[in-house]
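Report on one structure; see the data block that follows.
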Amino acid sequence: MSLVVHLTVEELRGIVSETVRIELAKLEASREVMKPEEAADFLRLHPKTLLRYVKEHDIPMRMMGTEKRFLRSELLLHLKGRAA
């Protein structure tokens, strides 16, 4: 038994666009919480430099239990604030 579905080009484009939008949102959400090494890579810094900047320049960092974590959205806001 086989199933044949007929779609217009516009319907197919809509399905693909929505699927891509959903998958990109998932990808962004999965990268929101970062380990120090990931945050340093994101900011193009050495991890030790990042941790020094946390102390000296008020870069936002959170503790999750005993682990240091950075929120991507907070790092972006911090960068935007420094550029202003």
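Out of the residues in the stretch 1-39 meeting the condition of being among the hydroxyl-bearing types (Ser, Thr, Tyr) and surrounded by 10 or more Cβ atoms within 10 Å (Cβ to Cβ), tell me which one is nearest to the chain's Cα centre (by Cα). I'd like the intermediate steps shown before the answer.
So in the stretch 1-39, the residues among the hydroxyl-bearing types (Ser, Thr, Tyr) come out as 2, 8, 17, 19, 30.
Subset that is surrounded by 10 or more Cβ atoms within 10 Å (Cβ to Cβ): 17, 19.
Values: Ser17: 20, Thr19: 18 Å.
Going through the qualifying residues, I end up with Thr19.
For the stretch 40-49, which positions are surrounded by 14 or more Cβ atoms within 10 Å (Cβ to Cβ) and either over 25 Å from Ala25 (Cβ atoms) or aliphatic (A, V, I, L, M) (or both)?
Residues of the stretch 40-49 that are surrounded by 14 or more Cβ atoms within 10 Å (Cβ to Cβ), as a first pass: 40-43, 45, 47.
Of everything in the stretch 40-49, those that are surrounded by 14 or more Cβ atoms within 10 Å (Cβ to Cβ) and either over 25 Å from Ala25 (Cβ atoms) or aliphatic (A, V, I, L, M) (or both) turn out to be Ala40, Leu43, Leu45, Pro47.
Which one is nearest to the chain's Cα centre (by Cα), of the residues in the stretch 50-84 that are loosely packed, with under 10 Cβ neighbours inside 10 Å and small (Gly, Ala, Ser)? So the residue we want is Gly81.
Could you please find all residues in the stretch 1-53 being of a type in the set (Lys, Arg) and either modelled with pLDDT of 90 or more or farther than 29 Å from His78 by Cβ (or both)? Hits for the stretch 1-53 are Arg13, Lys35, Arg44, Lys48, Arg52.
The values are calculated or read from the model by the stated rules, or taken from the named source; none is laboratory data. Note that the coordinates shown come from a computational prediction; the quantities given were computed from them, not determined experimentally. Here the Cβ is made from the backbone with ideal geometry for all residues, glycine too, and neighbour counts use every protein chain on show.
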